[in-house]
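Written out below as structure tokens is the structure these notes cover.
The values are calculated or read from the model by the stated rules, or taken from the named source; none is laboratory data. Source: prediction; values computed, not measured. Note that we place each Cβ from the backbone using ideal geometry, even for glycine, and neighbour counts take in every protein chain shown. For the accessible areas, the whole protein counts, side chains as well, though only heavy atoms, and no ligand, DNA or RNA atoms are used. Shrake-Rupley method; radii C 1.70, N 1.55, O 1.52, S 1.80 Å.
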Amino acid sequence: MDNFAEQLVKKEPTGADKIKKMTYLVGGIAVTLILAALSIIFLGRGIITFILLVTAAASGYGTFFLFRSTKVEYEYTFTNGDLDIDKIIAQTKRKEMLTIQVSKFTNFGKYDDKTPEETSDMTVILATDNIASHEFYADFPHEEYGSARLVFSPNEKMLSNIKKNLHPSIKNKVSRELQTSYISNMWDEI
């Protein structure tokens, strides 16, 4: 029987993302309005008016395109031990980010203060919703990226499938960490 899970994760915009989005919008509208005003000033001058109008329309379309491109989602697909991650931009453009066998993970766990530091030669692949409490990490060797770390936000079904396919030594470590975390949480409630 096939093990399959699919998840769509919407990236929550950071402060920098919001500033970039507003810069695209305000700057694009300003350039479009300036070009439209210039075309009115040069009205009746033939080709100059036409060029300014076409440029204003292109600027307006470019502004719309850039503004929409700030909307990012990630799709995780787990199939029989393989984890595929795609980046979806503006719900129209899909880019394959990563395909990895979960059994090749050399480390896996909750992404928090206890997470081992990234090494200088490590490639970090971010495919997360930017909500810290949802984030997990996976370290692995990769043909293209070398030593790599994936930071992502799997749901319970995705986590369950990943845990089933981890290397036994990693699976035992994750189980111990979860038990320690569970006991710690129970102790805090007492």
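Residue-level analysis places Leu98 outside the set of residues that are buried (at least 16 other Cβ atoms within 10 Å of the Cβ), farther than 21 Å from Val174 by Cβ and touching a residue at least 40 places away in the same chain (Cβ under 8 Å). Of these, Gly27, Gly15, Gly44, which one is on the phi > 0 side of the Ramachandran plot and either without any contact (Cβ under 8 Å) to a residue 60 or more places away in the chain or more than 16 Å from the chain's Cα centre (by Cα) (or both)? Sole residue among the options that is on the phi > 0 side of the Ramachandran plot and either without any contact (Cβ under 8 Å) to a residue 60 or more places away in the chain or more than 16 Å from the chain's Cα centre (by Cα) (or both): Gly44. Taken over the stretch 37-57, the criterion of being assigned to a helix (DSSP H, G or I), more than 18 Å from Phe67 (Cβ to Cβ) and of a type outside the set (Val, Ile, Thr) is satisfied by Ala37, Leu38, Ser39, Phe50, Leu52, Leu53. Ile183: crowded, with 19+ Cβ neighbours inside 10 Å, more than 20 Å from the chain's Cα centre (by Cα) and at pLDDT below 90, yes or no? No.
Taken as a whole, the structure leaves Thr63 outside the set of residues that are open to solvent by 40 Å² or more (accessible area, probe 1.4 Å), part of a helix (DSSP H, G or I) and among the polar types (S, T, N, Q). Would you check if Ile100 is within 13 Å of the chain's Cα centre (by Cα) and part of a strand (DSSP E or B)? So Ile100 does not fit the description; no.
For the stretch 1-19, which positions are outside any loop (DSSP other than H, G, I, E, B) and loosely packed, with under 15 Cβ neighbours inside 10 Å? Residues satisfying the conditions are Phe4, Glu6, Leu8, Lys10, Gly15, Ala16, Lys18, Ile19.
Applying the condition of being within 17 Å of Glu12 (Cα to Cα), open to solvent by less than 50 Å² (accessible area, probe 1.4 Å) and touching a residue at least 40 places away in the same chain (Cβ under 8 Å) to the stretch 108-162 and asking which residue is farthest from the chain's Cα centre (by Cα) yields Pro154.
Pairs are defined by a Cβ separation below 8 Å, a sequence spacing of at least 6 or placement on different chains, a first member in the stretch 72-94 that is on the phi > 0 side of the Ramachandran plot, and a second member that is open to solvent by less than 20 Å² (accessible area, probe 1.4 Å); the pairs so defined are Gly81/Val102. Which residues, taken from the stretch 24-60, are of a type in the set (Ser, Thr, Tyr) and open to solvent by 40 Å² or more (accessible area, probe 1.4 Å)? Those that are of a type in the set (Ser, Thr, Tyr) and open to solvent by 40 Å² or more (accessible area, probe 1.4 Å): Tyr24, Thr55.
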